[in-house]
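Working notes, structure below.
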Amino acid sequence: MTKNFYVTTPIYYVNGDPHVGTAYTTIAADVLARYKKTCGYDVYFVTGTDEHGQKVEEAAKTRNLTPQQWTDSMAPRFKDMWEKLNIEYNDFIRTTEPRHKDAVKKILKTVYDKGDIYKGEYEGKYCVACETFVPENSVVNENFCPDCGKELRIVKEESYFFKMSKYQDQLLKHIEENPDFILPNSRKNEVVSFIKQNLHDLSISRNTFEWGIPIDFAPGHITYVWFDALTNYITATGYANNPEMFDKFWNNSEVVHLMGKDIVRFHAIIWPCMLLSAGIKLPTNVVAHGWWTSEGEKMSKSKGNVVAPELEIEKYGVDVFRYCLMREVNFGNDGDYATKSIITRINTDLANDLGNLLNRTLGMYKKYFNGIVVKGDISGEFDESLKNIWEETLITVEKSMAKVEFSKALEGMWKFISRMNKYIDETTPWTLAKDETSKERLGTVMNNLINGLYKVSVLIYPYMPTKSSDIWRQLGVINPIKEAKIEELKGWNFFNPGHVLGEAEPIFPRLEIPVIEEKKDELSINEELVIENSIEIGDFDKIKIEVVEILAVEKVKGADKLLKFKVKLKDGIRQIISGIAKSYPEQEILVGEKVLAITNLKPVKLRGEISQGMFLTVENKKNGSKLIQVDSKVELGARIK
Ligand code: ME8
C-alpha cells in the first residue's frame, strides 16, 4: 500500500511581498515533498494565503480598496514567486474561498456542540500586526508587543472563548508520548514549559470589525483570524467537503507542518487543542525553523535590507539559491544571509566538489572510452570504502530527513561526493589508461564514478530539481528524474555496456565575491583628518568665555555699526562695545538676555568708548551677526569649556 504524506507551509499574510523568509519555508516544504516522492510516498503539498483579520482590513482601507480587492491583488504575487522558485505545490489555499469558510464553520460547530465554547468578555491587549492577544505579563515597555515590538491596542469586547485549558494535560501527554511531535527539540522544550505555566482559554471571536468568517451561533461575531487560519490545513484536505480525500491525506497520512519559530506556539498548542476538541487526529510533526537575518541585521523594509528572492535567482539561478538556503544553516537555527558565505558555498560545494567531479568523470570517460560505457568487473582497492560511504550516506539522508534536518542530509551527500573525488585521486585513472592490461580496471573505476554520480543526482533532486536533471542528461539518462526512486539506488550498475554518455558541460560556474562597497556609515569620521592652524587645549583654556547678562544697551553716537552694552558679570558690571547694531535695529529687546562673552580680553577703546570684553556672535548671512543667547536658567558667570 502506498504511504501518504501531507506537508504544509504557513499560509502567509498578504500584507507584504514574499521574501527570503517565506521563500525559505516554502522551499523547505517543496524539498520535503519531492524527497518523499523519491521515497515512494503519495504526496500532497499545500501552501496559501491568510486573508482575513484586522490587519488586512486596515491595510485595505488605507489603499481605498475593499479587503477582498486587496487580497485578490496580493495572492497572485505569492503564486508568481513560488513558480519562479520551482515550487511544485498541489494546492494553493486562500482563506477567503467558500470551501474554507465551510471548514471553519464545521469545526466551530463541532467544538461548540462539544461544549468547548462559551460566551464571555475579552478585556486586554491586542497586537494587530501579529493578530494576537498579549497577556499583561508579556507586555513590554507598558504597551508594546513582545514579538514584533509594535504598540498594542486595548480591546474590550464581548467574545466567545474556546476552552483550551481543558486540553492542557492531554496535549502534554501527547507531546511526551510522541517525542518528534515538535521539532527540533529546543522548540519542544520551549513549548512544554509554556504549557506547564498553564494554558488560558482562548478568545476566538471578534465583534468590533467585519473582515472575517461569521460565526453561526454568535450573531455579530467573526472568527478570530488564527482559529480561521489554522483550520486551512484541514480545509485543503477536504475536511468539509471531500471525506475521501480527508481520509487519505489526514487520517491515513503523515502530516507535517513547517513554519518559522515565530508561530510555533500557534501550531504546537492552539492547533492541537482545536483538533483534540473536534476529535480529529493530530499532525505527525510540527517543525519550526529559525530566523533569517540579512548581512547580520534584522530584515526590515525601512533598512532596505530585505532579501528579495527574484534578485538572488537572477544572480545565482533558482537551484543554487535553493541549495544554499537549505545548506547554510541547520533547519532549527537562525541564519544570516550574507553574499560572501553564499558565494563561498557555491564555489566550494557546487563548483569545486560536485561540478568538478562531473566534469572530470565525463571528460575521462570520453577520453578513454569515447563516452561509451564499457564492461568493468575488476574490483580493486578503494572500491569497498567508496561503497561503504554510499551505504552510510543513504542512512544519514534517511535519518536526517525523518527529523527534517536538511543541512545534515546534504552534509552526508557531500561526504560521498568528496569521497568520489578522493577515489579519483587514489585510483589515478590516467595511470591506468597508460597500461593496456589495466583497461578493464579502468572501466570499473570509471563505472563506479558514473554510478556514484547517478546516485547523487537522485539525492540532490529535491533540492536542485533542474541541476540534477542536467546531470542525468549529461549521463545520457533520458527518463525524467522526478520519477526516480531512492529504493532503486541500491545497486551499482545503472549503465549497461554500450550506453552513450552525454556531453560534459559545466553546470556550476565559479563566482567572484563582489567587492562590496563599504556601506557609508553616516556617523563615520575621518581619523586622518588634518586641521589647519590647530591650537592646543591650553591655548583655548586661556580664553575665558562666560555667561553675562545684558542690563542696558544704546547706540554709540557717530558710529552706526556700534552698540554700547552694560553687562552684569559675577564680579561686577562692565561695558562692552560690539559691532552688531545692524543686526539689532531694535536693540532694546536684548535687555535682560543672557549671552556669551570673552571676559579676559585686554580692554580697548573704540570710538572713544572703553570695551571690557567681547560678545561671541554667530555670523548669519541673512540677518547679520547675532549674539549667542543662553537659556535664562543658566547661571550668570557659568564658563564655557
Ligand atoms: O504568521 N526568517 O504569516 P506571515 C525565517 N499568517 N522565516 C521567516 C522570516 C524570516 N526572517 N520571515 C517570515 C503568519 N518567515 C500567519 C500564518 S498559518 C496558519 C498562519 C516565514 O506572513 C516563517 O515561516 O507572517 C514564518 O513562520 C512565516 O514566514 C510567517 O508568515
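The values are calculated or read from the model by the stated rules, or taken from the named source; none is laboratory data. The model shown is predicted, which means the values in this text are computed figures rather than measured ones. Heads up, the Cβs are rebuilt from the backbone with ideal geometry, glycines too, and the neighbour counts pull from every protein chain shown. Only protein heavy atoms, including side chains, enter the accessible area calculation; ligands, DNA and RNA are left aside. Shrake-Rupley method; radii C 1.70, N 1.55, O 1.52, S 1.80 Å.
Legend: residues Phe540, Phe78, sorted from most to least accessible area (1.4 Å probe; ligands, DNA and RNA excluded), read Phe540, Phe78.
Taking His174, His289 and ordering them by how much accessible surface each has at a 1.4 Å probe, largest first, produces His174, His289.
Overall, the stretch 336-490 carries a charge dipole of about 420 debye about its Cα centre when +1 sits on the Cβ of Lys and Arg and -1 on the Cβ of Asp and Glu, all other atoms neutral.
Considering only Ser578, Val567, Leu551, and ranking their Cα positions along the charge dipole of the stretch 550-641 that arises from unit charges at the beta-carbon of Lys, Arg, Asp and Glu, the one farthest toward the positive end is Ser578.
Counting only DSSP beta bridges whose two residues both lie in the chain, roughly 65 percent are antiparallel. Is the shape of the stretch 4-290 best called rounded, prolate or oblate, per the rule: a/c under 1.5 gives rounded, else a/b larger than b/c gives prolate, else oblate, with a ≥ b ≥ c the square roots of the Cα gyration tensor eigenvalues? It comes out rounded by the Cα gyration axes. Taking the average, over residues, of other Cβ atoms within 10 Å as the packing measure, peptides 579-585, 399-405, 137-143 rank 399-405, 579-585, 137-143 from highest down. By the combined test of axial Cα extent (at least 20 Å) and Kyte-Doolittle hydropathy (mean at least 0.0), the qualifying DSSP H helices of the chain come to 20-38, 439-460. The ellipsoid that matches the Cα gyration tensor of the stretch 562-628 has semi-axes, each √(5λ) in whole angstrom, of 19, 14, 12, with the longest given first. Taking all protein chains in place and a 1.4 Å probe, what share, in percent, of the accessible surface of the chain do carbon and sulfur account for? In the chain, the share of accessible area belonging to carbon and sulfur is 50 percent. So if I take the centroid of the Cα atoms in the stretch 87-108 and the same for the stretch 211-250, what is the distance between those two points in Å? Each part reduced to its Cα centre gives a spacing of 7 Å. Rounded to the nearest 10 square angstrom, Asp377 shows an accessible area of 110 square angstrom against a 1.4 Å probe.
Between the residues Val397, Thr237, Ile343, the greatest Cα displacement towards the positive end of the dipole of the chain, with unit charges on the Cβ of Lys, Arg, Asp and Glu, is found for Ile343. Taken one residue at a time, the phi angles of the stretch 562-577 give Karplus couplings (6.51, -1.76, 1.60, θ = phi - 60°) of 9, 10, 10, 10, 10, 10, 9, 10, 4, 9, x, 10, 10, 10, 10, 9 Hz. Gly and Pro are set to x.
Only the Cβ atoms of Lys and Arg (+1) and of Asp and Glu (-1) were treated as charged; on that basis the dipole of the chain about its Cα centre amounts to roughly 1500 debye. Sorting the segments 569-576, 177-184 by their mean number of nearby beta carbons within 10 angstrom, highest to lowest, gives 177-184, 569-576.
In terms of distances greater than 25 angstrom between alpha carbons, the cross-link table entries Lys367/Lys422; Lys37/Lys490; Lys415/Lys439 yield Lys415/Lys439. With all protein chains kept in place, the per residue accessible area of the chain amounts to 49 square angstrom at a probe of 1.4 angstrom.
For the chain, the mean residue ellipticity at 222 nm estimated from helices alone is -11000 deg cm²/dmol, where every DSSP H run of n ≥ 4 contributes -39500 (n - 2.57) and the total is divided by all residues, rounded to the nearest 500.
So if I take the alpha carbon set of the chain, get Rg, then get Rh from the Kirkwood formula, what is the Rg over Rh ratio? Expressed as Rg/Rh, it is 1.20. Amide H contacts of Thr49 (H built 1.01 Å from N, in plane; Pro and chain starts excluded): Tyr12, Ile93, Arg94, Thr95 sit under 5 Å, all sequence-distant by 5 or more or on other chains.
Rounded to the nearest Hz, the phi-derived 3J(HN,Hα) couplings of the stretch 530-536 under the Karplus curve 6.51 cos²θ - 1.76 cosθ + 1.60 (θ = phi - 60°) are 9, 9, 6, 6, 5, 10, 8, where x marks glycine and proline.
Between the listed residues Leu432, Pro480, Met364, the Cα displaced farthest toward the positive end of the dipole of the stretch 336-490, a dipole computed from Cβ unit charges relative to the Cα centre, is found at Pro480.
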